[in-house]
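Working notes for the structure below.
The values are calculated or read from the model by the stated rules, or taken from the named source; none is laboratory data. Source: prediction; values computed, not measured. Positions of Cβ are generated from backbone atoms using ideal geometry, with glycine treated the same way; all protein chains shown enter the neighbour counts. Ligands, DNA and RNA are excluded from the accessible area calculation, which covers all protein heavy atoms including side chains. Shrake-Rupley method; radii C 1.70, N 1.55, O 1.52, S 1.80 Å.
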There are 2 protein chains.
Amino acid sequence: MTVIATSSSLGLAARVASILSHELIVAEEKVFPDGEKYVRIPRRVSGDAIIIHSLHPPQDERFVQLLLTIDAVRGVGASRVIVAIPYLAYARQDKRFLEGEPVSVGVVLKSVEAASADALITVDLHKPSSLDEWLRIPHANLLPVQHLASYFLGKLRDPVVLAPDKGALARAQLAAETLNASFDYIEKTRDKITGGVSILPRQVDVCGRDVVFIDDIISTGGTLIAAARSVTSAGARSLYAACTHALLISGALDKLYAAGLKEVVATDTVPSPVSKVSIAKPLAEAIAEFLIG
Amino acid sequence: MTVIATSSSLGLAARVASILSHELIVAEEKVFPDGEKYVRIPRRVSGDAIIIHSLHPPQDERFVQLLLTIDAVRGVGASRVIVAIPYLAYARQDKRFLEGEPVSVGVVLKSVEAASADALITVDLHKPSSLDEWLRIPHANLLPVQHLASYFLGKLRDPVVLAPDKGALARAQLAAETLNASFDYIEKTRDKITGGVSILPRQVDVCGRDVVFIDDIISTGGTLIAAARSVTSAGARSLYAACTHALLISGALDKLYAAGLKEVVATDTVPSPVSKVSIAKPLAEAIAEFLIG
């Protein structure tokens, strides 16, 4: 069994290979003068191969690299090609919100299958049922919320875990159980007299308490920044944010610190300056299950 | 029947719609802050739809846009989705030249099919048999060489058409028939005494004659620039270059003019400053054949 790494998830792949005691092969990559990508697997493999390749920005280029890598790995003798996509781009466009739109996640997943992947593992997919909906190959989705929450163990005083909306309340609850904390979701309200907007927990009082915002993705961090201001005004002690996928677009991290966040923590599905929690262990376990199953 | 245009081939799609007297719908396109592409077809279609979308650089982004567009068109009621890709990126990686490489063209074609295209039309594909090799859906490849050669009718004196290598000699012959010209292919030779390299026709003498270099793609134009110098030294009168797909990477057009080319002519498979020959008519005819067939 061989773990195939690309530049997209090199550190994570190396960790997974080490945990599983499997050989690690790093794909050769280059870009032609016209912009076409080139990938080559520098030696033959025997048995199963696991490609670990995340689709963080530039996501279209990484998507093509992934498809090329799957085909190349197939060509060097792998018996099964298991693909792990720690961050799956286009996962939020999971239905036709407006008529005339594509289901982008379906398009991406069908291409991965068409490139001849034998199984797919994702991490904290925006809508996990997208896998059932679009794939015929075996698949699994890891939810590393408790793993992520554990980072804060022993660091917080009287903590409250806050989800960005009602739909994400289960995520906050999972993290809260790990931290023995309260949990709630935030809601935007407008003061009828002043017109001012505040974004606060629906029920829980944050005064004097440590607050952990938890979400699947931090992209531009817009809502989080606004919520941080409201929660600070409401007397919260220290603010933290935790997410699985830290895209941190357009200087989001600086803006979060400027908004009063004490610390931002993410996993290594997207390599970032705040990727302090590795998903290597749960990913290695999921891969091992696939290999047995 | 509806022609769907994207920013990738807007002018060509408009021409094709006009020739076929079909409705033209221009897809809405945007890019999210994190770089993900968004496409929307702004109204429903009835009957067959033709998407015309070329994969010139940035090819990976256009590739994703194409897959999203196919899925979106499928969602607005098209009975068949015929896809025309005037320039197909990754077509030159059509086999595993080295062990460990992908067959990139196969990966691209399989994704287009997986996105639910019902038929595919390409133009001057690097290896036309790639379509047979990788597609199960109906397909056709247009070869607009005579169309391109016609541009030069009445403009040349005692012309010679030159192919860049032996494998492209049939292309030069086709163009030469249209122009009532001689044809040959060029070869690189090294002077055993001086060590100087010259790139000249194998047999035909170019002295005092107009020369048309013909190729499928002009990318960086490297070989063409070197050949232009040799052919000029050999006494050629005026030099022209004609290609189907003008990628013209890294200032290639300026370099070609600097190397003595009098004119560079290409089709509109890739929109460029030298796209003087439209393939709209042959493409419209090919589409009409698909619709009947």
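A few notes on this one:
- Here the stretch A:247-293 has 57 percent of its accessible surface on carbon and sulfur atoms, given a 1.4 Å probe and all protein chains in place.
- Protein-protein interface of the stretch B:48-69, residues with accessible area decrease of at least 50 Å², isolated chain reference, 1.4 Å probe: B:Gln59, B:Asp60, B:Val64, B:Leu68
- Of all accessible heavy-atom area on the stretch B:4-132, the percent that carbon and sulfur account for (1.4 Å): 52 percent
- Farthest towards the positive end of the charge dipole of the stretch A:146-277, among the residues A:Ala246, A:Ala149, A:Ser182, is the Cα of A:Ser182, using unit charges on the Cβ of Lys, Arg, Asp and Glu.
- Compared with the direct C-alpha span, the chain from A:Arg43 to A:Lys276 gains 80.6 nm at full extension, assuming 0.36 nm per residue.
- ³J(HN,Hα), Karplus 6.51/-1.76/1.60, whole Hz, each residue of the stretch B:35-40, x for Gly, Pro: x, 5, 8, 10, 9, 9
- In terms of packing, defined here as the mean over residues of other Cβ atoms within 10 angstrom, the peptides A:150-157, A:278-285 line up highest first as A:278-285, A:150-157.
- Shape category assigned to the stretch B:112-215 from the gyration tensor of Cα positions, a/c cut at 1.5: oblate
- For B:Ser18, label point 7 Å along C-beta direction: distances to other copies, nm: 6.3
- With Rh defined as the Kirkwood radius, the inverse of the mean 1/r over Cα pairs, the Rg/Rh of the stretch B:2-142 is 0.97.
- Chain B, relative contact order in percent, only Cα pairs under 8 angstrom and at least six apart counted: 14 percent
- Placing R0 at 51 angstrom, the Cβ-Cβ distance between A:Asn180 and B:Ala258 gives a FRET efficiency of 0.10 after rounding to 0.05.
- Placing +1 on the Cβ of every Lys and Arg and -1 on the Cβ of every Asp and Glu, with no other charges, gives the protein assembly as shown a dipole of roughly 680 debye about its Cα centre.
- Chain B - mean residue ellipticity at 222 nm from DSSP helices (-39,500 (n - 2.57) per run, n ≥ 4, rounded to 500): -9500 deg cm²/dmol
- Label positions at B:Glu28 and B:Ser7, each projected 7 Å from the Cα along the C-beta direction, are separated by 1.5 nm.
- Normalised radius of gyration (Cα atoms, divided by 2.2 N^0.38 Å) for chain B: 1.07.
- For the chain pair B and A, the interface hides roughly 3800 square angstrom of accessible area in total, found with a 1.4 Å probe.
- Accessible area in square angstrom per residue, the stretch B:27-167, 1.4 angstrom probe: 34 Å²
- Burial order of peptide ranges A:220-230, A:182-192 (average beta-carbon count within 10 Å, highest first): A:220-230, A:182-192
- Looking at the stretch B:146-277, the DSSP beta bridges with both ends there are about 20 percent antiparallel.
- Evaluating 6.51 cos²θ - 1.76 cosθ + 1.60 at θ = phi - 60° for every residue in the stretch A:188-197, the Karplus couplings come out as 8, 10, 10, 5, 5, 8, 7, x, x, 9 Hz, glycine and proline recorded as x.
- Dipole magnitude of the stretch A:1-109 about its Cα centre (Cβ charges: Lys, Arg +1; Asp, Glu -1), debye to nearest 20: 320 debye
- Simple label model, 7 Å out from Cα along Cβ direction - A:Lys127 to A:Thr189, nm: 3.1 nm
- B:Arg229-B:Ser18 pseudo-label distance in nm [points 7 Å out on the Cα-to-Cβ vector]: 4.2 nm
- Net charge of Cβ neighbours under 12 Å - reference A:Leu55; Lys, Arg +1; Asp, Glu -1: -4
- Peptide-level mean, for A:243-249, of C-beta atoms on other protein chains within 10 Å: 1
- Taken per residue, the accessible surface of the stretch A:226-291 reaches 36 Å², heavy atoms only and a 1.4 Å probe.
- When B:Asp254 is represented by a point 7 angstrom out along its Cα-to-C-beta vector, the spacings to that point in the other copies are 3.2 nm, nearest first.
- Three-way shape call for the stretch B:146-277 based on the alpha-carbon gyration tensor, with the a/c threshold at 1.5: oblate
- Here A:Gly35 yields copy-to-copy label distances, from shortest upward, of 1.3 nm, the label point defined as 7 Å from Cα along Cα to C-beta.
- For chain B, size of Cβ-based charge dipole, Lys and Arg +1, Asp and Glu -1, in debye: 460 debye
- The stretch A:1-26 and the stretch A:159-206: distance between their alpha carbon centers, rounded to Å: 38 Å
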